[in-house]
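These notes are about the structure you will find just below.
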Amino acid sequence: MNELSYSDATPAVDEYLELRAKAGLSAYAPDAAAKGLSGTCFAVCVRDNAQLIGMGRVIGDGGCFFQIVDMAVDPGYQRRGIGFEIMTRLMQALRQNAPKSAYVSLIADGPASQLYERFGFEFTAPASAGMALRL
């Protein structure tokens, strides 16, 4: 493995869909992914040579609400601190660019909540509970 490179960039549609599949995240149609990626506020891509092996994005309205999405690391590269570095960079971008009163949310799958707690995220239940609808 070569030295990994980190960039503040949004991934291309094809590599985005490929990494989501490798990481076990839900699938999207390419046209939906293209539209979604165009709404990125901040993003981090991690590459081994040219290969995308990690990513994370922030989406939102730019003022009041932001959501961290698409946190994914290729399974062959997990447990090396890559997810932590992605979160560190996303949080730096939020702290530098989002208003102080902004509400930042995310959905934590399984043990990933331990990573997010390290950045100050807390469970909202029982005061509130996340809800979702998949179209």
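The values are calculated or read from the model by the stated rules, or taken from the named source; none is laboratory data. Because the structure is a prediction, the values reported are computed rather than measured. Cβ atoms come from the backbone with ideal geometry, glycine included; neighbour counts cover every protein chain shown. Calculation scope for accessible area: heavy atoms of the full protein, side chains included, ligands and nucleic acids excluded. Shrake-Rupley method; radii C 1.70, N 1.55, O 1.52, S 1.80 Å.
Residues that are aromatic (F, W, Y) and on the phi < 0 side of the Ramachandran plot: which helices (runs of 4 or more DSSP H) entirely in the stretch 1-112 hold 1 or more of them? Step through it out loud before you land on a result.
On the way: elements: 13-22, 30-37, 82-97.
Helices (runs of 4 or more DSSP H) meeting the threshold: 13-22, 82-97.
Listed residues S128, S101, S113; which is in contact (Cβ under 8 Å) with a residue 12 or more places away in the chain and polar (S, T, N, Q)? Working first, answer last.
Working: S128 fails: in contact (Cβ under 8 Å) with a residue 12 or more places away in the chain; S113 fails: in contact (Cβ under 8 Å) with a residue 12 or more places away in the chain.
One residue alone meets the criteria, S101.
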Residues that are among the hydrophobic types (A, V, I, L, M, F, W, C), open to solvent by less than 100 Å² (accessible area, probe 1.4 Å) and modelled with pLDDT of 90 or more, drawn from the stretch 92-135: A93, L94, A98, A102, V104, L106, L115, F119, F121
Qualifying residue in the stretch 26-45 (condition: surrounded by 18 or more Cβ atoms within 10 Å (Cβ to Cβ) and among the β-branched types (V, I, T)): yes
